[in-house]
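Here is the structure we will look at.
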Amino acid sequence: MKFGVGQSPRRVEDERLLTGRGRYTDDFQPEGTAYGVTVRSPYGHARILGIDTADARQMPGVLAVYTAEDVAHYGPIPCLVKLPGRIETPRPLLAADTVRFVGDGVAFVVAETRAAARAAAEAV
């Protein structure tokens, strides 16, 4: 068989994928795998008066719940693309006193399963 423009190569992966026997990266869970979910602000610009993580921390399978206070020592996220003439505004890992946009991260949950992480994030 010739290979080139206009040639249809024989597909060898279709049968296993179409019959449910395909393996995906989500199918592998190495020992010690943990899942994380960011709790995001539903408000566009607001002051944070408090974040209650007590219920989330007590949920089964939850390994940790972090807020801005817990990760402040890491400093701001550096900008990967430096543009000439651009003023860089420091961007914290998690919002501390004020959220600046809808979706700004206010907490981060780490749990043993994806479902536990999502449930705990909803409890924050």
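Taking the simple approach of a point 7 Å from Cα along Cα-to-Cβ for both THR33 and ARG16, what is their distance in nm?
1.8
Express in nm, to one decimal, how much length is gained between VAL102 and ALA46 on full extension, taking 0.36 nm for each residue of separation and deducting their alpha carbon distance.
This chain segment gains 19.2 nm when fully extended.
Report relative contact order for the chain in percent, whole number only (criteria: Cα-Cα under 8 Å, sequence separation at least 6).
Once normalised by length, the contact order is 38 percent.
Rounded to the nearest 500 deg cm²/dmol, what is the calculated helix-only ellipticity per residue at 222 nm for the chain, with -39500 (n - 2.57) per DSSP H run of length n ≥ 4?
-4500 deg cm²/dmol
Using per-residue counts of other Cβ atoms within 10 Å, averaged over each peptide, order 27-33, 113-119 from highest down.
Ranking, from highest mean packing down: 113-119, 27-33.
Only Cα pairs within less than 10 Å get springs; with that Gaussian network setup on the chain, which residue of LEU49, LEU83, LEU94 has the largest fluctuation?
Sorting by GNM fluctuation, first place goes to LEU83.
If each Cα of segment 18-69 is one equal point scatterer, what is log10 of I(q)/I(0) from the Debye formula at q = 0.15 Å⁻¹?
The computed values of log10 I(q)/I(0) come out as -0.68.
Given springs between every Cα pair under 10 Å in a Gaussian network model of the chain, which of GLY36, GLY105, GLY50 has the largest fluctuation?
Largest GNM mean-square fluctuation: GLY50.
Can you give the Rg to Rh ratio of the chain, both from alpha-carbon atoms, with Rh computed by the Kirkwood formula?
Using Cα coordinates only, the ratio equals 1.19.
Determine, for each peptide in 4-14, 68-78, the mean count of other beta carbons within 10 angstrom over its residues, then list the peptides with the highest first.
Ranking the peptides 4-14, 68-78 by packing returns 68-78, 4-14.
FYI, it's all coordinate maths here, none of it is from the lab. As the structure is a computational prediction, the values presented were derived from the model and not from experiment. Because the Cβ atoms are built from the backbone with ideal geometry, glycine has one as well, and the counts that use them run over all protein chains shown.
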